[in-house]
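Visitor: Right, I'll just put the structure down here and ask away after.
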Amino acid sequence: MTPEALEKAGGAMHAFIAEAFPLCRSITGDGVRRTLAMIAGRIPLDVHEVPSGTQVFDWTVPKEWNIRDAWIKDPSGRKVVDFQESNLHILNYSVPVHARMQLAELQSHLFTLPFKPELIPYRTSYYKEAWGFCLSHRQLEALPEGEYEVCVDSTLADGSLTYGECLLPGETEREVLLSTHVCHPSLANDNLSGIAVMTWLAREISARPRRRYSYRFLFIPGTIGSITWLARNEARASRIAHGLVAANLGDPGAFHYKRSRRGIAEIDRVVTAVLKAAGEPLGVEEFVPFGYDERQYCSPGFDLPVGSLTRTPWGRYPEYHTSADDLAFVRPDALAGSLRTYLNVVKVLEGNRRYLNLNPKCEPQLGRRGLYRTIGGDESGRARELALLWVLNQSDGYYSLLDIAERARLSFAAIREAADALLEAGLLREVEG
Ligand code: ZN
(Lines give C-alpha, C1' and ligand atoms only; values in the text may rest on other atoms or scores of the structure.)
Protein backbone atom coordinates (compact mmCIF):
# COMPACT_ATOMS: atom_id res chain seq x y z
CA MET A 1 0.00 0.00 0.00
CA THR A 2 1.24 3.51 -0.72
CA PRO A 3 1.75 5.85 2.25
CA GLU A 4 -1.30 7.82 1.05
CA ALA A 5 -3.48 4.69 0.89
CA LEU A 6 -2.29 3.65 4.36
CA GLU A 7 -3.07 7.08 5.80
CA LYS A 8 -6.53 6.93 4.29
CA ALA A 9 -7.02 3.42 5.73
CA GLY A 10 -6.01 4.71 9.17
CA GLY A 11 -8.77 7.30 9.05
CA ALA A 12 -11.30 4.79 7.74
CA MET A 13 -10.43 2.27 10.46
CA HIS A 14 -10.85 4.94 13.12
CA ALA A 15 -14.25 5.86 11.69
CA PHE A 16 -15.23 2.17 11.75
CA ILE A 17 -14.18 1.95 15.40
CA ALA A 18 -16.24 5.05 16.24
CA GLU A 19 -19.31 3.50 14.58
CA ALA A 20 -18.91 0.16 16.40
CA PHE A 21 -17.94 1.71 19.73
CA PRO A 22 -21.46 2.17 21.23
CA LEU A 23 -22.55 -1.45 20.57
CA CYS A 24 -22.75 -3.57 23.69
CA ARG A 25 -20.73 -6.62 22.70
CA SER A 26 -20.25 -9.67 24.86
CA ILE A 27 -19.36 -13.32 24.24
CA THR A 28 -22.84 -13.83 22.75
CA GLY A 29 -25.79 -11.67 21.70
CA ASP A 30 -26.87 -8.95 19.32
CA GLY A 31 -23.91 -6.65 20.00
CA VAL A 32 -21.63 -9.25 18.39
CA ARG A 33 -24.11 -9.84 15.54
CA ARG A 34 -24.33 -6.16 14.74
CA THR A 35 -20.53 -5.83 14.85
CA LEU A 36 -20.18 -8.81 12.49
CA ALA A 37 -22.74 -7.20 10.17
CA MET A 38 -20.50 -4.13 10.01
CA ILE A 39 -17.52 -6.34 9.10
CA ALA A 40 -19.63 -8.23 6.54
CA GLY A 41 -20.31 -4.91 4.84
CA ARG A 42 -16.60 -4.69 4.08
CA ILE A 43 -15.31 -8.25 3.49
CA PRO A 44 -16.92 -11.61 2.59
CA LEU A 45 -17.90 -13.03 5.98
CA ASP A 46 -19.61 -16.29 6.97
CA VAL A 47 -21.53 -15.82 10.20
CA HIS A 48 -21.96 -18.99 12.27
CA GLU A 49 -24.51 -19.52 15.04
CA VAL A 50 -23.69 -22.31 17.52
CA PRO A 51 -26.60 -23.21 19.85
CA SER A 52 -26.34 -22.72 23.61
CA GLY A 53 -25.61 -26.02 25.30
CA THR A 54 -23.35 -27.32 22.52
CA GLN A 55 -20.46 -29.25 23.99
CA VAL A 56 -17.09 -27.94 22.81
CA PHE A 57 -14.29 -30.03 24.30
CA ASP A 58 -14.43 -29.44 28.07
CA TRP A 59 -16.69 -26.40 27.71
CA THR A 60 -20.35 -25.74 26.93
CA VAL A 61 -21.59 -22.92 24.72
CA PRO A 62 -23.30 -20.60 27.25
CA LYS A 63 -26.76 -19.08 27.19
CA GLU A 64 -27.10 -16.00 25.04
CA TRP A 65 -27.07 -12.63 26.78
CA ASN A 66 -28.84 -9.51 25.54
CA ILE A 67 -29.40 -6.22 27.29
CA ARG A 68 -31.72 -3.33 26.57
CA ASP A 69 -31.31 -1.05 29.57
CA ALA A 70 -29.93 -0.81 33.09
CA TRP A 71 -29.88 1.92 35.72
CA ILE A 72 -29.63 2.80 39.40
CA LYS A 73 -31.91 5.48 40.91
CA ASP A 74 -30.84 7.17 44.13
CA PRO A 75 -33.22 7.82 47.07
CA SER A 76 -34.47 10.99 45.36
CA GLY A 77 -35.39 9.02 42.21
CA ARG A 78 -32.58 10.45 40.12
CA LYS A 79 -30.73 8.09 37.75
CA VAL A 80 -27.16 8.04 39.06
CA VAL A 81 -25.85 5.18 36.94
CA ASP A 82 -27.19 4.79 33.41
CA PHE A 83 -26.34 2.05 30.88
CA GLN A 84 -27.45 4.43 28.11
CA GLU A 85 -24.51 6.69 28.92
CA SER A 86 -21.90 3.92 28.83
CA ASN A 87 -22.34 0.20 28.43
CA LEU A 88 -19.32 -0.28 30.71
CA HIS A 89 -21.68 0.59 33.58
CA ILE A 90 -23.19 -2.88 33.47
CA LEU A 91 -21.37 -5.96 34.73
CA ASN A 92 -21.25 -7.76 31.39
CA TYR A 93 -23.57 -10.82 31.42
CA SER A 94 -25.65 -9.44 34.34
CA VAL A 95 -28.86 -11.40 34.93
CA PRO A 96 -32.12 -9.39 35.06
CA VAL A 97 -33.12 -7.69 38.29
CA HIS A 98 -35.57 -5.03 39.39
CA ALA A 99 -35.43 -4.31 43.12
CA ARG A 100 -35.15 -1.75 45.88
CA MET A 101 -32.40 -1.95 48.47
CA GLN A 102 -30.35 0.03 50.93
CA LEU A 103 -26.96 1.40 49.86
CA ALA A 104 -25.10 -1.16 52.01
CA GLU A 105 -26.72 -4.05 50.11
CA LEU A 106 -26.30 -2.36 46.75
CA GLN A 107 -22.60 -1.84 47.37
CA SER A 108 -21.85 -5.55 47.12
CA HIS A 109 -22.96 -5.26 43.46
CA LEU A 110 -20.86 -2.18 42.64
CA PHE A 111 -17.38 -2.28 41.12
CA THR A 112 -14.93 0.63 41.05
CA LEU A 113 -11.22 1.33 40.65
CA PRO A 114 -10.15 3.12 43.87
CA PHE A 115 -6.69 3.80 42.41
CA LYS A 116 -8.10 5.27 39.18
CA PRO A 117 -11.03 7.09 40.79
CA GLU A 118 -12.21 8.89 37.63
CA LEU A 119 -12.54 5.77 35.45
CA ILE A 120 -15.27 3.18 35.00
CA PRO A 121 -13.91 -0.37 35.07
CA TYR A 122 -14.90 -3.13 32.61
CA ARG A 123 -16.02 -6.30 34.39
CA THR A 124 -17.68 -9.54 33.31
CA SER A 125 -19.38 -12.50 34.92
CA TYR A 126 -19.83 -15.00 32.09
CA TYR A 127 -19.80 -18.28 33.91
CA LYS A 128 -21.34 -17.33 37.29
CA GLU A 129 -24.84 -15.84 37.26
CA ALA A 130 -24.66 -12.43 38.89
CA TRP A 131 -25.68 -8.81 38.40
CA GLY A 132 -23.72 -5.69 39.06
CA PHE A 133 -22.75 -2.18 38.01
CA CYS A 134 -19.41 -0.56 37.31
CA LEU A 135 -18.84 3.11 38.09
CA SER A 136 -16.11 5.57 38.90
CA HIS A 137 -14.90 5.57 42.47
CA ARG A 138 -15.74 9.30 42.68
CA GLN A 139 -19.31 8.50 41.76
CA LEU A 140 -19.50 5.76 44.40
CA GLU A 141 -18.18 8.06 47.10
CA ALA A 142 -20.88 10.61 46.29
CA LEU A 143 -23.79 8.17 46.76
CA PRO A 144 -25.94 9.17 49.77
CA GLU A 145 -27.41 6.67 52.27
CA GLY A 146 -30.97 5.57 51.63
CA GLU A 147 -33.05 3.27 49.48
CA TYR A 148 -32.04 2.71 45.86
CA GLU A 149 -33.94 1.27 42.94
CA VAL A 150 -31.99 -0.91 40.51
CA CYS A 151 -33.04 -2.28 37.16
CA VAL A 152 -31.24 -4.58 34.74
CA ASP A 153 -33.41 -5.20 31.70
CA SER A 154 -31.49 -8.14 30.23
CA THR A 155 -32.15 -11.69 29.11
CA LEU A 156 -29.99 -14.73 29.62
CA ALA A 157 -31.61 -17.54 27.70
CA ASP A 158 -30.99 -20.36 25.25
CA GLY A 159 -29.83 -18.88 21.97
CA SER A 160 -26.47 -19.14 20.31
CA LEU A 161 -22.86 -18.08 20.17
CA THR A 162 -22.07 -16.08 17.06
CA TYR A 163 -18.74 -15.80 15.26
CA GLY A 164 -17.54 -14.61 11.89
CA GLU A 165 -15.17 -16.36 9.50
CA CYS A 166 -13.62 -15.07 6.28
CA LEU A 167 -11.69 -17.53 4.12
CA LEU A 168 -9.66 -16.18 1.22
CA PRO A 169 -8.51 -19.21 -0.77
CA GLY A 170 -4.98 -19.26 -2.16
CA GLU A 171 -2.94 -21.50 -4.46
CA THR A 172 -2.51 -24.04 -1.67
CA GLU A 173 -4.72 -25.28 1.14
CA ARG A 174 -2.08 -24.35 3.67
CA GLU A 175 -3.56 -21.59 5.75
CA VAL A 176 -2.57 -18.46 7.57
CA LEU A 177 -4.88 -18.00 10.56
CA LEU A 178 -5.66 -14.47 11.74
CA SER A 179 -7.80 -14.44 14.85
CA THR A 180 -9.22 -11.56 16.84
CA HIS A 181 -11.70 -11.26 19.71
CA VAL A 182 -15.00 -9.42 19.30
CA CYS A 183 -16.50 -9.73 22.79
CA HIS A 184 -15.66 -6.42 24.47
CA PRO A 185 -18.22 -3.58 24.73
CA SER A 186 -17.23 0.10 24.46
CA LEU A 187 -13.46 -0.36 24.56
CA ALA A 188 -11.58 0.98 21.57
CA ASN A 189 -8.09 -0.50 21.72
CA ASP A 190 -9.16 -3.79 23.31
CA ASN A 191 -10.40 -4.75 20.88
CA LEU A 192 -12.09 -2.69 18.18
CA SER A 193 -8.57 -1.86 16.96
CA GLY A 194 -7.87 -5.54 16.31
CA ILE A 195 -11.24 -5.99 14.58
CA ALA A 196 -10.63 -2.95 12.35
CA VAL A 197 -7.05 -3.87 11.40
CA MET A 198 -8.06 -7.47 10.59
CA THR A 199 -11.00 -6.28 8.47
CA TRP A 200 -8.76 -3.95 6.47
CA LEU A 201 -6.06 -6.62 6.20
CA ALA A 202 -8.59 -9.09 4.78
CA ARG A 203 -9.75 -6.45 2.33
CA GLU A 204 -6.22 -5.78 1.19
CA ILE A 205 -5.34 -9.48 0.79
CA SER A 206 -8.59 -10.25 -1.04
CA ALA A 207 -7.78 -7.54 -3.59
CA ARG A 208 -4.63 -9.40 -4.65
CA PRO A 209 -4.91 -11.58 -7.72
CA ARG A 210 -2.47 -14.26 -6.53
CA ARG A 211 -1.54 -15.58 -3.15
CA ARG A 212 0.28 -18.73 -2.15
CA TYR A 213 -1.50 -19.33 1.15
CA SER A 214 -5.18 -19.40 1.99
CA TYR A 215 -6.07 -16.83 4.64
CA ARG A 216 -8.59 -17.56 7.36
CA PHE A 217 -9.82 -14.66 9.48
CA LEU A 218 -11.74 -15.43 12.66
CA PHE A 219 -13.79 -12.79 14.47
CA ILE A 220 -14.67 -14.65 17.64
CA PRO A 221 -15.56 -14.12 21.29
CA GLY A 222 -12.47 -14.63 23.45
CA THR A 223 -11.74 -18.12 24.81
CA ILE A 224 -15.12 -19.76 24.21
CA GLY A 225 -14.99 -18.65 20.54
CA SER A 226 -11.61 -20.20 19.73
CA ILE A 227 -12.52 -23.33 21.71
CA THR A 228 -15.76 -23.56 19.72
CA TRP A 229 -13.99 -23.04 16.39
CA LEU A 230 -11.33 -25.66 17.20
CA ALA A 231 -13.98 -28.15 18.33
CA ARG A 232 -15.92 -27.73 15.08
CA ASN A 233 -12.84 -27.67 12.83
CA GLU A 234 -10.52 -30.16 14.47
CA ALA A 235 -9.77 -31.97 11.20
CA ARG A 236 -9.04 -28.70 9.42
CA ALA A 237 -6.71 -27.29 12.08
CA SER A 238 -3.66 -29.16 10.75
CA ARG A 239 -3.82 -27.02 7.60
CA ILE A 240 -2.83 -23.97 9.64
CA ALA A 241 0.77 -23.31 8.67
CA HIS A 242 1.11 -19.96 10.40
CA GLY A 243 -1.11 -17.88 12.66
CA LEU A 244 -1.40 -14.66 14.60
CA VAL A 245 -3.77 -13.46 17.28
CA ALA A 246 -4.40 -9.74 16.75
CA ALA A 247 -5.39 -7.25 19.47
CA ASN A 248 -4.47 -3.88 20.96
CA LEU A 249 -3.36 -2.35 17.66
CA GLY A 250 -4.47 1.28 17.97
CA ASP A 251 -2.53 2.65 20.94
CA PRO A 252 0.63 4.67 20.34
CA GLY A 253 2.88 2.04 21.98
CA ALA A 254 5.56 -0.10 20.34
CA PHE A 255 4.83 -3.50 18.81
CA HIS A 256 5.09 -6.61 20.94
CA TYR A 257 5.28 -10.11 19.64
CA LYS A 258 4.58 -13.13 21.77
CA ARG A 259 6.05 -16.28 20.29
CA SER A 260 4.06 -19.43 19.63
CA ARG A 261 4.38 -22.36 22.01
CA ARG A 262 6.92 -23.85 19.57
CA GLY A 263 9.02 -20.69 19.88
CA ILE A 264 10.97 -21.22 16.65
CA ALA A 265 8.10 -21.61 14.19
CA GLU A 266 8.41 -19.82 10.87
CA ILE A 267 5.85 -17.20 12.00
CA ASP A 268 8.00 -16.45 15.05
CA ARG A 269 11.00 -15.79 12.83
CA VAL A 270 9.01 -13.87 10.21
CA VAL A 271 7.51 -11.41 12.70
CA THR A 272 10.90 -10.89 14.33
CA ALA A 273 12.44 -10.17 10.91
CA VAL A 274 9.65 -7.74 10.00
CA LEU A 275 9.95 -5.76 13.24
CA LYS A 276 13.74 -5.69 12.94
CA ALA A 277 13.61 -4.50 9.33
CA ALA A 278 11.21 -1.70 10.25
CA GLY A 279 13.66 -0.52 12.90
CA GLU A 280 10.97 -1.09 15.52
CA PRO A 281 12.07 -1.66 19.11
CA LEU A 282 12.16 -5.43 19.37
CA GLY A 283 9.56 -6.41 21.98
CA VAL A 284 9.71 -10.15 21.35
CA GLU A 285 8.58 -12.27 24.26
CA GLU A 286 8.45 -15.98 24.97
CA PHE A 287 5.23 -17.96 24.99
CA VAL A 288 3.24 -18.05 28.22
CA PRO A 289 -0.02 -20.02 28.58
CA PHE A 290 -2.19 -16.99 29.30
CA GLY A 291 -3.24 -14.01 27.23
CA TYR A 292 -5.70 -14.26 24.33
CA ASP A 293 -6.82 -17.11 22.10
CA GLU A 294 -3.26 -18.28 21.42
CA ARG A 295 -3.81 -20.18 24.68
CA GLN A 296 -6.25 -22.43 22.86
CA TYR A 297 -4.44 -22.61 19.48
CA CYS A 298 -1.24 -23.47 21.35
CA SER A 299 -2.81 -26.03 23.71
CA PRO A 300 -0.78 -29.26 23.44
CA GLY A 301 -3.52 -31.15 21.57
CA PHE A 302 -3.19 -28.63 18.72
CA ASP A 303 0.19 -26.93 19.25
CA LEU A 304 -0.39 -24.70 16.23
CA PRO A 305 2.28 -22.22 15.15
CA VAL A 306 0.30 -19.20 16.35
CA GLY A 307 1.83 -16.17 18.02
CA SER A 308 0.31 -12.85 19.04
CA LEU A 309 1.25 -9.51 17.52
CA THR A 310 0.00 -6.44 19.41
CA ARG A 311 1.15 -2.96 20.26
CA THR A 312 1.17 -2.53 24.06
CA PRO A 313 0.14 -5.94 25.41
CA TRP A 314 -3.01 -6.39 27.47
CA GLY A 315 -2.86 -5.14 31.04
CA ARG A 316 0.24 -3.01 30.47
CA TYR A 317 -1.35 0.34 29.67
CA PRO A 318 -3.24 2.32 32.32
CA GLU A 319 -6.32 2.71 30.09
CA TYR A 320 -6.67 -1.10 29.75
CA HIS A 321 -10.18 -2.40 30.62
CA THR A 322 -11.41 1.05 31.68
CA SER A 323 -13.48 3.87 30.23
CA ALA A 324 -10.20 5.58 29.27
CA ASP A 325 -9.77 3.02 26.46
CA ASP A 326 -11.88 5.30 24.32
CA LEU A 327 -11.93 6.83 20.84
CA ALA A 328 -9.25 9.37 21.74
CA PHE A 329 -6.87 6.64 22.91
CA VAL A 330 -6.73 4.89 19.52
CA ARG A 331 -5.06 6.82 16.75
CA PRO A 332 -5.43 6.62 12.98
CA ASP A 333 -1.65 6.64 12.47
CA ALA A 334 -1.18 3.80 14.96
CA LEU A 335 -3.91 1.76 13.21
CA ALA A 336 -2.28 2.43 9.84
CA GLY A 337 1.13 1.40 11.21
CA SER A 338 -0.37 -1.83 12.53
CA LEU A 339 -1.95 -2.60 9.17
CA ARG A 340 1.40 -1.95 7.47
CA THR A 341 3.20 -4.30 9.89
CA TYR A 342 0.68 -7.11 9.31
CA LEU A 343 0.97 -6.57 5.54
CA ASN A 344 4.75 -6.85 5.86
CA VAL A 345 4.34 -10.14 7.73
CA VAL A 346 2.12 -11.42 4.91
CA LYS A 347 4.68 -10.26 2.35
CA VAL A 348 7.49 -12.21 4.02
CA LEU A 349 5.31 -15.32 4.50
CA GLU A 350 4.36 -15.22 0.83
CA GLY A 351 7.93 -14.57 -0.31
CA ASN A 352 9.76 -17.04 1.91
CA ARG A 353 10.50 -19.88 -0.53
CA ARG A 354 13.18 -22.48 -1.17
CA TYR A 355 15.25 -22.61 -4.34
CA LEU A 356 17.76 -24.80 -6.03
CA ASN A 357 20.92 -23.27 -7.50
CA LEU A 358 21.01 -24.55 -11.10
CA ASN A 359 24.73 -23.80 -11.42
CA PRO A 360 26.04 -25.25 -8.16
CA LYS A 361 29.55 -26.22 -9.27
CA CYS A 362 31.56 -23.09 -8.47
CA GLU A 363 30.03 -19.63 -8.75
CA PRO A 364 28.26 -18.78 -11.98
CA GLN A 365 29.77 -15.84 -13.81
CA LEU A 366 27.55 -13.00 -12.68
CA GLY A 367 29.19 -10.23 -14.69
CA ARG A 368 28.26 -11.91 -17.95
CA ARG A 369 24.62 -11.92 -16.80
CA GLY A 370 24.67 -8.25 -15.81
CA LEU A 371 24.46 -9.14 -12.09
CA TYR A 372 27.94 -8.03 -11.03
CA ARG A 373 29.15 -4.44 -10.86
CA THR A 374 31.85 -3.63 -13.32
CA ILE A 375 33.26 -0.72 -11.34
CA GLY A 376 34.40 -1.40 -7.77
CA GLY A 377 34.02 0.67 -4.63
CA ASP A 378 30.25 1.25 -4.58
CA GLU A 379 28.90 0.18 -1.17
CA SER A 380 25.31 -0.51 -2.19
CA GLY A 381 26.58 -2.58 -5.13
CA ARG A 382 28.69 -4.64 -2.76
CA ALA A 383 25.74 -5.34 -0.46
CA ARG A 384 23.68 -6.42 -3.45
CA GLU A 385 26.39 -8.79 -4.64
CA LEU A 386 26.77 -10.23 -1.17
CA ALA A 387 23.06 -11.06 -1.17
CA LEU A 388 23.39 -12.73 -4.59
CA LEU A 389 26.31 -14.85 -3.38
CA TRP A 390 24.49 -15.87 -0.21
CA VAL A 391 21.39 -16.94 -2.13
CA LEU A 392 23.49 -18.91 -4.65
CA ASN A 393 25.55 -20.55 -1.95
CA GLN A 394 22.67 -21.56 0.31
CA SER A 395 20.05 -22.49 -2.29
CA ASP A 396 20.45 -26.24 -2.12
CA GLY A 397 16.72 -26.82 -1.84
CA TYR A 398 16.91 -27.08 1.93
CA TYR A 399 17.38 -23.54 3.20
CA SER A 400 14.60 -20.99 2.77
CA LEU A 401 15.20 -17.34 1.94
CA LEU A 402 14.48 -16.47 5.58
CA ASP A 403 17.12 -18.99 6.69
CA ILE A 404 19.54 -17.30 4.34
CA ALA A 405 18.64 -13.78 5.51
CA GLU A 406 19.18 -14.81 9.12
CA ARG A 407 22.49 -16.50 8.42
CA ALA A 408 23.76 -13.65 6.23
CA ARG A 409 22.46 -11.01 8.65
CA LEU A 410 20.84 -9.26 5.73
CA SER A 411 17.28 -8.04 5.46
CA PHE A 412 14.70 -10.44 4.03
CA ALA A 413 13.92 -7.80 1.39
CA ALA A 414 17.55 -7.80 0.19
CA ILE A 415 17.61 -11.60 -0.02
CA ARG A 416 14.24 -11.73 -1.76
CA GLU A 417 15.43 -9.15 -4.28
CA ALA A 418 18.60 -11.16 -4.97
CA ALA A 419 16.54 -14.33 -5.50
CA ASP A 420 14.30 -12.47 -7.96
CA ALA A 421 17.34 -11.31 -9.95
CA LEU A 422 18.76 -14.86 -9.99
CA LEU A 423 15.40 -16.31 -11.05
CA GLU A 424 15.28 -13.78 -13.85
CA ALA A 425 18.77 -14.91 -14.95
CA GLY A 426 17.67 -18.55 -14.94
CA LEU A 427 20.01 -19.51 -12.11
CA LEU A 428 17.40 -20.74 -9.63
CA ARG A 429 14.43 -23.09 -9.60
CA GLU A 430 11.80 -23.10 -6.86
CA VAL A 431 11.55 -26.22 -4.71
CA GLU A 432 8.13 -27.03 -3.28
CA GLY A 433 7.60 -27.31 0.46
ZN1 ZN B 1 -9.75 -7.55 27.21
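The values are calculated or read from the model by the stated rules, or taken from the named source; none is laboratory data. Since the structure is predicted, the reported quantities are computational estimates derived from the model, not experimental observations. Because the Cβ atoms are built from the backbone with ideal geometry, glycine has one as well, and the counts that use them run over all protein chains shown. Heavy atoms of the whole protein, side chains included, go into the accessibility calculation; ligands, DNA and RNA do not. Shrake-Rupley method; radii C 1.70, N 1.55, O 1.52, S 1.80 Å.
Visitor: Restricted to segment 398-421, and to residues that are out of contact with any helix residue (DSSP H, G or I) (no Cβ under 6 Å at 6 or more places or on another chain) and more than 17 Å from Val270 (Cα to Cα), which residue is least open to solvent (accessible area, probe 1.4 Å)?
Guide: Ala421
Visitor: Which residues, taken from segment 351-379, are under 26 Å from Arg269 (Cβ atoms) and either in contact with a strand residue (DSSP E or B) (Cβ under 9 Å, 6 or more places away or on another chain) or without any contact (Cβ under 8 Å) to a residue 12 or more places away in the chain (or both)?
Guide: Asn352, Arg353, Arg354, Tyr355, Leu356, Asn357, Pro360
Visitor: Condition (residue is within 16 Å of the ligand (Cβ to nearest atom) and either more than 13 Å from the chain's Cα centre (by Cα) or at pLDDT 95 or above (or both)) applied to segment 239-246: is it met by at least one residue?
Guide: yes
Visitor: Cβ-Cβ under 6 Å, sequence separation 6+ or interchain: first residue in segment 191-208 and under 19 Å from Ile27 (Cα atoms) and assigned by TED's automatic domain parsing to the domain that holds Ile43, partner polar (S, T, N, Q) and within 16 Å of the ligand (Cβ to nearest atom). Which pairs?
Guide: Going by the 6 Å Cβ cut-off, the qualifying pairs are Gly194/Thr180; Ile195/Thr180; Met198/Thr180.
Visitor: Which residues, taken from segment 272-288, are part of a loop (DSSP other than H, G, I, E, B) and either surrounded by fewer than 16 Cβ atoms within 10 Å (Cβ to Cβ) or among the charged types (D, E, K, R) (or both)?
Guide: Within segment 272-288, Ala278, Gly279, Glu280, Pro281, Leu282, Glu286, Val288 meet the criteria.
Visitor: If you don't mind, there's one more thing I want to ask. Looking at Pro332, Pro360, which one is open to solvent by 40 Å² or more (accessible area, probe 1.4 Å) and under 36 Å from the mean Cα position of the chain (by Cα)?
Guide: Pro332
Visitor: Right, another one. Name the residues in segment 223-259 that are open to solvent by 30 Å² or more (accessible area, probe 1.4 Å) and on the phi > 0 side of the Ramachandran plot, would you?
Guide: Listed by number, the list holds a single entry, Thr223.
Visitor: Could you tell me which numbered condition Gly222 fails, if it satisfies all but one of (1) outside the structural domain of Asn344 (by TED's automatic domain parsing); (2) in a loop (DSSP other than H, G, I, E, B)?
Guide: Result: Gly222 fails condition (1) only.
Visitor: Name the strands (runs of 3 or more DSSP E) wholly within segment 1-105 that hold at least 2 residues that are loosely packed, with under 14 Cβ neighbours inside 10 Å and not assigned by TED's automatic domain parsing to the domain that holds Leu343?
Guide: 64-73, 97-102
Visitor: Out of Glu286, Glu294, I need the residue that is of a type in the set (Asp, Glu) and touching a strand residue (DSSP E or B) at 6+ places or on another chain (Cβ under 6 Å). Which one?
Guide: After applying the criteria, what remains is Glu294.
Visitor: Within segment 323-337, track down each residue that is in contact with a helix residue (DSSP H, G or I) (Cβ under 8 Å, 6 or more places away or on another chain) and within 16 Å of the ligand (Cβ to nearest atom).
Guide: Matches in segment 323-337: Ser323, Asp325, Asp326, Phe329, Val330.
Visitor: What about Asp268, is it away from the ligand (no atom under 15 Å from the Cβ), closer than 20 Å to Thr180 by Cα, in contact with a Gly (Cβ under 7 Å, 6 or more places away or on another chain) and of a type in the set (Asp, Glu)?
Guide: So Asp268 fits the description; yes.
Visitor: Checking the condition modelled with pLDDT of 95 or more, more than 14 Å from the chain's Cα centre (by Cα) and not assigned by TED's automatic domain parsing to the domain that holds Leu88, which residue from Glu147, Glu129, Glu141, Glu175 passes?
Guide: Going through Glu147, Glu129, Glu141, Glu175 in turn, just one is modelled with pLDDT of 95 or more, more than 14 Å from the chain's Cα centre (by Cα) and not assigned by TED's automatic domain parsing to the domain that holds Leu88: Glu175.
Visitor: Another question, if that's okay. Being within 16 Å of the ligand (Cβ to nearest atom) and open to solvent by 50 Å² or more (accessible area, probe 1.4 Å) is the filter here; which residues of segment 289-308 pass it?
Guide: Within segment 289-308, Phe290, Arg295 qualify.
Visitor: How about segment 184-197: which of its residues are crowded, with 24+ Cβ neighbours inside 10 Å and touching a helix residue (DSSP H, G or I) at 6+ places or on another chain (Cβ under 8 Å)?
Guide: Within segment 184-197, His184, Leu187, Ala188, Leu192, Ser193, Ile195, Ala196, Val197 qualify.
Visitor: Can you say whether Arg311 is within 26 Å of Lys116 (Cβ to Cβ) and either surrounded by fewer than 21 Cβ atoms within 10 Å (Cβ to Cβ) or within 16 Å of the ligand (Cβ to nearest atom) (or both), as far as the supplied structure shows?
Guide: Spelling it out, Arg311 is indeed within 26 Å of Lys116 (Cβ to Cβ) and either surrounded by fewer than 21 Cβ atoms within 10 Å (Cβ to Cβ) or within 16 Å of the ligand (Cβ to nearest atom) (or both).
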